[in-house]
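Written below as structure tokens is the structure these notes are about.
The values are calculated or read from the model by the stated rules, or taken from the named source; none is laboratory data. Quick caveat: nothing in here was measured; it's all calculated off a predicted structure. Neighbour counts are summed over all protein chains in view; Cβ atoms, including those assigned to glycine, are modelled from backbone coordinates with ideal geometry. Heads up: the accessible areas ignore ligands, DNA and RNA and are worked out on the full protein's heavy atoms, side chains in. Shrake-Rupley method; radii C 1.70, N 1.55, O 1.52, S 1.80 Å.
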Amino acid sequence: MINKKNKKNKKNKKNIKIIGTIVGIIAIIIIGVYIYNQIKISNYLSNLTYDIVQESYDTYGDYSKSKYQDIVPENIYSSMNILPGPGEGDGSNYHITECYHTNPITLVLPGNTAKSFYKEKCYYIRKNEDHSSGGETSPTVYWKLDDDNVWRVSDFDSPP
């Protein structure tokens, strides 16, 4: 009788180990897929942020020339431009001495939101002036995934 119990206990322990191993493998796969998707979203939003900011520079903040009107509101788009924007002309009234922005780093957050951080620096000289204007800043672009499963810019912050 003791042999039967020992065999049954050993069999139960073996089954528990097998089930535990299977559950562990499934958990690792699920966590891996989740992390992979987070990295994929982060890279996508970082690249998209870079493209939007660069386009805003290239168009001097002219929203009518943007191909991102469906995902960025006009007021945010024009504020993403560190160059003198709308009302300042097409850039022919100043000379850019230095202007760049870094590749954004994006954090995907709970609640279908994300933040993209980057640094930008721009100095320019206006016509008929002898001094440089501009500056440096570290903006944050806020993203929200809408009900249509489209990431859209929800806010923008550029501290002085």
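Could you check how many residues of region 138-152 are open to solvent by 20 Å² or more (accessible area, probe 1.4 Å), under 18 Å from Ser78 (Cα atoms) and part of a strand (DSSP E or B)? Residues that pass the stated criteria total 2. For region 107-132, enumerate the residues that are free of Cβ contacts under 8 Å to residues at least 40 places away in the same chain, within 19 Å of Ser158 (Cα to Cα) and not in a loop (DSSP other than H, G, I, E, B). Of everything in region 107-132, those that are free of Cβ contacts under 8 Å to residues at least 40 places away in the same chain, within 19 Å of Ser158 (Cα to Cα) and not in a loop (DSSP other than H, G, I, E, B) turn out to be Lys115, Phe117, Lys121, Tyr123.
Inside region 118-137, residues that are farther than 24 Å from Asn103 by Cα, surrounded by fewer than 13 Cβ atoms within 10 Å (Cβ to Cβ) and touching a Phe, Trp or Tyr at 6+ places or on another chain (Cβ under 9 Å) make up a count of 2.
Give me the residue from region 80-91 that is at pLDDT below 60 and at negative phi and, out of that set, surrounded by the fewest Cβ atoms within 10 Å (Cβ to Cβ).
It comes out as Pro86.
Among residues of region 102-160 being in contact with an Asp or Glu (Cβ under 9 Å, 6 or more places away or on another chain) and among the acidic types (Asp, Glu), the one that is modelled with the lowest pLDDT is Glu136. All conditions in (1) at pLDDT 85 or above; (2) on the phi > 0 side of the Ramachandran plot hold for Gly61, with the sole exception of (1).
This table checks each residue for (1) β-branched (Val, Ile, Thr); (2) more than 25 Å from Ser154 (Cβ to Cβ); (3) modelled with pLDDT of 90 or more.
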| position | (1), (2), (3) |
| --- | --- |
| Lys11 | no, yes, no |
| Val33 | yes, yes, yes |
| Ile52 | yes, no, yes |
| Pro73 | no, no, yes |
| Asn93 | no, yes, no |
| Thr97 | yes, yes, no |
